[in-house]
Amino acid sequence: MIRFRWSASLVLFALGLFLARDIAAQQPSATATNPAGAYPNTSEGLNQLIGDILQSAREKKSTKESELVRSLIFPQDSTWFISVYGPGFGASLASAYRREAPEIEEQVKSIYEENVVRGWMTPKILRYADPESVNSPIDHFLNCMDQIVPLYQTAFRGDSPSFYASIKTGPGARFGAGDLNGYFIYDRDGFRFVPSEILMKLPNERPVRIKLDYNVMRSKIMSKLIVNIPTEAFSKHMSGRVVVHLVLDTGGKIKELKVLEGNPILSAPVVEAIKQCQFAPTKLDGDPVEVELDIPYAFEFH
């Protein structure tokens, strides 16, 4: 009769392996907790993401499919629209997107599942980052950005996006097939989808900067302009006019400053005084804009 003798250390080792395997089985995978983060901000990354959605739909892996499609929706705390299009335009676009968000996930799933039925599994990825090389309205979407970031589209049939509307109505009707009517962007850690109708809300022309008279801007100076008279100017009874040109950004902060007119002895304290001023942001039709203005200051001694 053969007897097996287990040492205490061997028993503990086996128990440790069992517990480690059990814990690992209960831990969610990195892809499950953040599916978007697995795809880099490249055409290849977007192609891989869409391919995984289509493959999940074909294999009837509904949980994974829903997870990947849901990753295309902007997180609630996303600031992408404001960061890219500024606080004026961006805020209105973000608000419009939030109203549409509940239906976006269903539309994406419906269209991609119909693509699987038709065997459309390998889209061409189109990337736009140069306004000069694309047509309307994409050039406008890019030009309206504070700093240009790429927009992506797909082309499942040919070299350009195609949209196939569904002719079915009633229960079980789908949204159609082909390409999604919108653009993919990369926000923080993954791709998101923006319907075209959201970006179409951008104004036809974006005023980047306006010029205002100093008398108009007086009410926007939030602190008093206090100029310290230089000792040399006081002792020599120096008189003269100083004109300082300013460009304020959309938040009211000084972006550019230069002296247009005036003796350097007189202009130096004026420049320092202006740098200490705070200006309220300026809006045009509800949207923040940059402002150009000239600030005159006169020194007179009698």
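For the range 204-219, which residues satisfy the criterion of being modelled with pLDDT under 80 and of a type in the set (Lys, Arg)?
206, 209, listed by residue number.
Quick check on the range 229-252: of everything there that is surrounded by fewer than 11 Cβ atoms within 10 Å (Cβ to Cβ) and touching a residue at least 12 places away in the same chain (Cβ under 8 Å), which residue is nearest to the chain's Cα centre (by Cα)? Even if it seems obvious, please write down each step before you answer.
Looking only at the range 229-252, we keep the residues that are surrounded by fewer than 11 Cβ atoms within 10 Å (Cβ to Cβ), and these are 231-232, 235, 237.
In the following step, the residues that additionally are touching a residue at least 12 places away in the same chain (Cβ under 8 Å) were identified as 232, 237.
Values: 232: 52, 237: 55 Å.
Residue satisfying both the conditions and the ranking: 232.
Of everything in the range 174-202 that's among the acidic types (Asp, Glu) and not in a strand (DSSP E or B), which residue is nearest to residue 125 (Cα to Cα)?
Restricting attention to the range 174-202, the residues satisfying the condition of being among the acidic types (Asp, Glu) are 179, 187, 189, 197.
From what's left, not in a strand (DSSP E or B): 179, 189, 197.
Values: 179: 11, 189: 19, 197: 20 Å.
Residue satisfying both the conditions and the ranking: 179.
Tally up the residues in the range 264-302 that are of a type in the set (D, E, K, R) and in contact with a helix residue (DSSP H, G or I) (Cβ under 9 Å, 6 or more places away or on another chain), please. First the steps, then the outcome.
From the range 264-302, those of a type in the set (D, E, K, R) are 272, 275, 283, 285, 287, 290, 292, 294, 300; that's our starting set.
Retained after the next criterion (residues that are in contact with a helix residue (DSSP H, G or I) (Cβ under 9 Å, 6 or more places away or on another chain)): 283, 285, 287, 294.
Count: 4.
Which of the residues belonging to the range 52-83 are small (Gly, Ala, Ser) and touching a residue at least 40 places away in the same chain (Cβ under 8 Å)? Walk me through it before giving the result.
Step one: filter the range 52-83 for residues small (Gly, Ala, Ser), giving 56-57, 62, 66, 71, 78, 83.
Selection gives 57, 66, 71, 78, 83.
Quick check on the range 109-130. Is at least one of its residues of a type in the set (A, V, I, L, M, F, W, C), in contact (Cβ under 8 Å) with a residue 12 or more places away in the chain, under 30 Å from residue 283 (Cα atoms) and not assigned by TED's automatic domain parsing to the domain that holds residue 289?
There is at least one residue in the range 109-130 that is of a type in the set (A, V, I, L, M, F, W, C), in contact (Cβ under 8 Å) with a residue 12 or more places away in the chain, under 30 Å from residue 283 (Cα atoms) and not assigned by TED's automatic domain parsing to the domain that holds residue 289.
Considering (1) within 30 Å of residue 264 (Cα to Cα); (2) modelled with pLDDT under 90, say which one residue 146 fails and leave the rest.
The one condition residue 146 does not meet is (1).
Quick one: is residue 267 at pLDDT below 90 and more than 29 Å from residue 287 (Cβ to Cβ)?
Values: at pLDDT below 90: no; more than 29 Å from residue 287 (Cβ to Cβ): yes.
When the stated conditions are applied, residue 267 does not pass them.
Among the residues in the range 221-244, are any modelled with pLDDT of 85 or more, in contact with a strand residue (DSSP E or B) (Cβ under 7 Å, 6 or more places away or on another chain) and at positive phi?
Yes, the range 221-244 contains at least one residue that is modelled with pLDDT of 85 or more, in contact with a strand residue (DSSP E or B) (Cβ under 7 Å, 6 or more places away or on another chain) and at positive phi.
The values are calculated or read from the model by the stated rules, or taken from the named source; none is laboratory data. Keep in mind that what you see is a predicted model, and the values were worked out from it rather than measured. With ideal geometry, Cβ positions are generated from the backbone for all residues, glycine too; neighbour counts draw on all protein chains shown.
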